[in-house]
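The structure appears right after this line, and notes come after that.
The values are calculated or read from the model by the stated rules, or taken from the named source; none is laboratory data. If you're wondering where the values come from, they're calculated on a predicted model, not measured in any experiment. Note that we place each Cβ from the backbone using ideal geometry, even for glycine, and neighbour counts take in every protein chain shown. Note: areas computed on protein heavy atoms with side chains; ligands, DNA, RNA excluded. Shrake-Rupley method; radii C 1.70, N 1.55, O 1.52, S 1.80 Å.
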Amino acid sequence: NAGVTQTPKFQVLKTGQSMTLQCAQDMNHNSMYWYRQDPGMGLRLIYYSASEGTTDKGEVPNGYNVSRLNKREFSLRLESAAPSQTSVYFCASSSRDRGQDGYTFGSGTRLTVV
Amino acid sequence: GENVGLHLPTLSVQEGDNSIINCAYSNSASDYFIWYKQESGKGPQFIIDIRSNMDKRQGQRVTVLLNKTVKHLSLQIAATQPGDSAVYFCAESPGGFQKLVFGTGTRLLVSP
């Protein structure tokens, strides 16, 4: 099915470990995003990529890096995980067209840092 | 600064009732708004959107109202069903589709 695919779905890290969250979309969208969602809060933008080859910081970029590997894939890397990065991470993609298929989210990665 | 907030963190209704979820936004430059539904363990799911040149838009059992004068957005769900139980988020696009700003969410609980 068309959409945004995130891997892994769950991950437990020890403080200081590194990992990369993967995201891929098959809707030919130009823009891709990484959000984090903490309990009782809305989604906060970490980084985004307006188009292939560009990335920009969002609201909460500290402790993260991103790579727009190609038009389909946008990865999020934690170089040295901290307990404060325990959260649910959502990837999204968008086209210039608004509407139901204009801005689509993946199902999330639940990350726990101990 | 940009802020999208909700008046009620939790809304409890009976099955069959109509539900109204409210959202306030602060950026008068926002020209596009979306309501999302998020079920437990899932990503946000698009419900309905509205552009700033409209004040009302209807979908299947849902209606979004936009009052730009007071920067207020609402989502009305008709004949609420247990399957509507979820957290609902409003999001605004403050200039350019690419940067959505989300509110904190309202949890809707529907009792049979």
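If you keep only loop residues by DSSP, which trypsin sites (Lys or Arg not before Pro) in segment B:41-112 have at most 10 other Cβ atoms within 10 Å of their Cβ?
The qualifying sites: there are none.
Counting pairs of alpha carbon atoms under 8 Å apart in space and at least six apart in sequence, what relative contact order in percent does chain B give? Let's see the in-between values first.
Numbers: 289 pairs, mean separation 41.8, N = 112.
Answer for chain B is 37 percent.
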Note: A:Asn65 to A:Asn28 extended length (0.36 nm per residue) minus current alpha-carbon separation gives 11.0 nm
Once both label points are put 7 Å beyond Cα along the C-beta direction, the A:Val12-B:Ser26 separation in nm becomes 3.9 nm
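Can you check how the C-alpha radius of gyration of chain B compares to 2.2 N^0.38 Å, as a plain ratio?
On the way: Rg = 13.3 Å, N = 112, 2.2 N^0.38 = 13.2 Å.
Ratio of Cα Rg to 2.2 N^0.38 Å: 1.01.
Total Å² of accessible surface buried at the A-B contact, 1.4 Å probe, nearest 100?
Numbers: alone 6280 and 6230 Å², together 10760 Å².
Answer for the A-B pair: about 1800 Å² buried.
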Summing +1 per Lys or Arg and -1 per Asp or Glu among the other residues with Cβ less than 12 Å from B:Ile21's Cβ gives +1
Share of accessible surface on carbon and sulfur in the protein assembly as shown, whole %, 1.4 Å probe and ligands ignored, is 45 percent
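Which entries of A:Lys9/B:Lys99; A:Lys57/B:Lys56; A:Lys71/B:Lys56; A:Lys14/B:Lys99 show an alpha-carbon separation above 30 angstrom in the structure shown? Intermediate results must be reported in sequence, preceding the final value.
Numbers: A:Lys9/B:Lys99 25 Å; A:Lys57/B:Lys56 34 Å; A:Lys71/B:Lys56 35 Å; A:Lys14/B:Lys99 32 Å.
As for pairs spanning more than 30 Å Cα to Cα, those are A:Lys57/B:Lys56; A:Lys71/B:Lys56; A:Lys14/B:Lys99.
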Heads up, segment A:1-49 by the C-alpha gyration tensor (a ≥ b ≥ c square roots of eigenvalues; a/c under 1.5 rounded, else a/b over b/c prolate, else oblate) looks prolate
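With the other protein chains left in place, how much accessible area per residue, in square angstrom, belongs to segment B:5-85 at a 1.4 angstrom probe? Intermediate results must be reported in sequence, preceding the final value.
Working: 4170 Å² over 81 residues.
Heavy-atom accessible area per residue stands at 51 Å².
Classify chain A from the C-alpha gyration tensor, please: rounded if a/c falls under 1.5, else prolate or oblate depending on whether a/b exceeds b/c.
Working: a/c = 1.80, a/b = 1.64, b/c = 1.10.
It comes out prolate by the Cα gyration axes.
Applying 1/(1 + (r/R0)^6) with R0 = 22 Å to the Cβ-Cβ distance of A:Thr5 and B:Glu15, what FRET efficiency is obtained, to the nearest 0.05?
Working: r = 34 Å, r/R0 = 1.56.
For R0 = 22 Å, the calculated efficiency reads 0.05.
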Phi-derived 3J(HN,Hα) across segment A:6-16 with the Karplus relation (6.51, -1.76, 1.60, θ = phi - 60°), rounded Hz, x for Gly and Pro, is 10, 9, x, 7, 9, 7, 10, 10, 8, 3, x
In segment B:38-56, the residues losing 50 Å² or more of accessible area (1.4 Å probe, heavy atoms of protein chains only) relative to their chain alone are B:Pro44, B:Phe46
Going residue by residue through segment B:43-51, the Karplus relation 6.51 cos²θ - 1.76 cosθ + 1.60 with θ = phi - 60° gives ³J(HN,Hα) values, rounded to whole Hz and with x marking Gly or Pro, of x, x, 10, 4, 10, 7, 10, 8, 8
Label model pair B:Arg51, A:Glu73: point-to-point distance (7 angstrom along the Cα→beta-carbon line) in nm is 3.7 nm
Expressed in angstrom and rounded, the centroid-to-centroid distance over alpha carbons for segment A:40-105 and segment B:44-112 is 22 Å
Test assert for segment B:67-112: residues whose accessible surface shrinks by at least 50 Å² between chain alone and all chains, 1.4 Å probe, equal B:Phe97, B:Gln98, B:Lys99, B:Phe102
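Over segment A:1-110, give the accessible area per residue in Å² for a 1.4 Å probe, as an integer. The partial results should precede the final answer.
Numbers: 5250 Å² over 110 residues.
Per-residue accessible area for segment A:1-110 comes out at 48 Å².
Taking only the Cα atoms of the protein assembly as shown, how large is their convex hull per residue, in Å³? Each step should come with its number before you reach the end.
Working: hull volume 27.5 nm³, N = 226.
It is 122 Å³ per residue.
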